[in-house]
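Enquirer: Quick one: the structure is below, questions incoming.
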Amino acid sequence: MSNKKNKWDVISSISGAIAALAALTTIYFAFSALNEEKHFKRPYFECEAPGIKKLDNSPSFRIQITMKNSGIHAAKDLIGKILIIEQSLNEKSNFSFDFSISNDIPPDSPTPWYNDSVLLPNNINAQYIILILNYKDAIFNNIYSQYFYMKWNGVKNGITDPNFVHTSIEEKNKLIEYLKIFNLNKL
């Protein structure tokens, strides 16, 4: 009788161990799914209608970037920088705009930033424009960064190209290296 009891004890122990292992596996996958969900619901910005436009009845121009949170969670404590860099990439940029947005930025909310005091000469060579954003997820307080790489055709004989356009992958890689060399990749 004791031999039968030992067999059932062994079988019960193995069954218990398998059940515990299955429970641990379920918990692991539940936490993994939660972490993936955090990633997919995080705030994430799109850059809409960036450019430089002439202001009516003024010698000034407006540089404008509209950011739109296309994520699920709101963003908070947004800090940004716009760098304007000569396309030759030969020297450090001394022309930049820093900004911050104090309010939470809910999902699907266009958030424009602009500066109306930009004065431009009659001729400016083509420039690269880099937008750097740092912000927090309003729910989980995780900090995120995003970079947008654009170019602008400048001013020729007093005529300003109003739009910023995307760079190529090759140009982006050169700009990433430029930011590292001149230590401009952080806010």
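The values are calculated or read from the model by the stated rules, or taken from the named source; none is laboratory data. Note that the structure is a prediction, hence the values are computed from the model and not measured. Cβ sites come from the backbone with ideal geometry, for glycine too, and all protein chains shown count toward neighbours. Protein only, heavy atoms only, side chains kept; ligands, DNA and RNA dropped before computing areas. Shrake-Rupley method; radii C 1.70, N 1.55, O 1.52, S 1.80 Å.
Enquirer: Counting only protein heavy atoms and a 1.4 Å probe, tell me what percentage of the chain's accessible area is made up of carbon and sulfur.
Expert: Whole-percent figure for carbon plus sulfur exposure: 55.
Enquirer: Can you find, among PRO112, ASN173, LEU187, the residue farthest towards the positive end of the dipole of the stretch 83-187? Put +1 on the C-beta of Lys and Arg, -1 on that of Asp and Glu.
Expert: Farthest towards the positive end: ASN173.
Enquirer: Here's something else I'd like to know. By average Cβ neighbour count within 10 Å, what is the ranking of 127-139, 85-97, 13-25, 143-155 from highest down?
Expert: Going from most to least packed, we get 127-139, 143-155, 85-97, 13-25.
Enquirer: Would you mind getting the accessible area per residue of the chain, heavy atoms of the protein chains only, 1.4 Å probe, in Å²?
Expert: Accessible surface, normalised per residue, equals 63 Å².
Enquirer: Select from ASN163, ASN153, LEU78 the residue farthest towards the positive end of the dipole of the chain; place +1 on Cβ of Lys and Arg, -1 on Cβ of Asp and Glu, and compute about the Cα centre.
Expert: LEU78
Enquirer: Work from the charge dipole of the chain (Cβ charges, +1 for Lys and Arg, -1 for Asp and Glu, about the Cα centre) and give the residue of ILE63, ILE139, ASN103 farthest towards its positive end.
Expert: So the residue we want is ILE139.
Enquirer: Next question, about the same structure. Would you calculate, for the chain, the mean residue ellipticity at 222 nm contributed by helices, counting each DSSP H stretch of 4 or more residues as -39,500 (n - 2.57) and dividing by all residues, to the nearest 500?
Expert: -10000 deg cm²/dmol
Enquirer: Hey, another quick one. Taking all protein chains together and a probe of 1.4 Å, list ARG42, ARG62 from the most accessible to the least accessible.
Expert: If we order ARG42, ARG62 from most to least accessible, we get ARG62, ARG42.
Enquirer: Follow-up question, since we're still on this one. Please report the spacing between the Cα centers of the stretch 65-90 and the stretch 119-152 in Å, no decimals.
Expert: Rounded to whole Å, the Cα centres lie 3 Å apart.
Enquirer: Right, another one. With only Lys, Arg, Asp and Glu charged, each at its Cβ (+1 for the first two, -1 for the last two), find how big the charge dipole of the stretch 1-120 is about the Cα centre; round to the nearest 20 debye.
Expert: Computed charge dipole of the stretch 1-120: roughly 700 debye.
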